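Have a look at the structure below before the remarks.
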Amino acid sequence: QVQLVESGGGLVQPGGSLRLSCVASGSIFSVVAMGWYRQTPGNQRELVAGITSAGSTSYADSVKGRFTISRDSAGNTVYLQMNSLKAEDTAVYYCNAWLRIEATKLSYSYWGQGTQVTVSS
């Protein structure tokens with residue numbers, strides 16, 4: 001059984017900062033990649049930032065220069081540091097991970113439960 005647990009969402013004023021965390025646990029053989037998506041009502045889930053096991057990162061154009069994705073040394077925790085937040089960053093943020101599981105050594109995609117980020121004065 002594999003689980004992704006997110007934390008760190010909340011309400012913040014425009015220009016403020018938040019840090020999201022996501023921990024992957026369970027029968028994990030290795031982490032292939034982890035990332036953050038976000039979704040607003042009536043819209044599709046969009047990729048915000050991603051990081052591979054090799055440390056390569058990618059960002060949506062809308063967050064470049066403001067958001068930073070990182071991971072811990074063990075590789076099973078991913079962070080999203082969000083600075084200079086704008087109202088349009090308001091969304092439910094979901095953690096996603098491609099994990100190779102112990103039982104089969106095959107890779108599967110897993111999702112967290114989502115955490116609400118609201119940017120408002």
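At-a-glance table
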| quantity | calculated |
| --- | --- |
| Residues within segment 51-83 that are closer than 20 Å to ALA24 by Cα and open to solvent by less than 30 Å² (accessible area, probe 1.4 Å), tallied | 6 |
| Filtered residue count, segment 98-121, keeping only those that are under 11 Å from GLU6 (Cβ atoms) and small (Gly, Ala, Ser) | 2 |
| Test: TYR93 is under 24 Å from SER17 (Cβ atoms), in contact (Cβ under 8 Å) with a residue 12 or more places away in the chain, open to solvent by less than 80 Å² (accessible area, probe 1.4 Å) and in contact with a Gly (Cβ under 8 Å, 6 or more places away or on another chain) | yes |
| Members of segment 85-110 that are under 18 Å from PRO41 (Cα atoms) and part of a strand (DSSP E or B) | ALA91, VAL92, TYR93, TYR94, CYS95 |
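The values are calculated or read from the model by the stated rules, or taken from the named source; none is laboratory data. If you're wondering where the values come from, they're calculated on a predicted model, not measured in any experiment. Methodologically, a virtual Cβ is constructed for each residue, glycine included, from the backbone with ideal geometry; neighbour enumeration extends over all protein chains shown. Remember, those area values only see protein heavy atoms, side chains included, never the ligands or the DNA or RNA. Shrake-Rupley method; radii C 1.70, N 1.55, O 1.52, S 1.80 Å.
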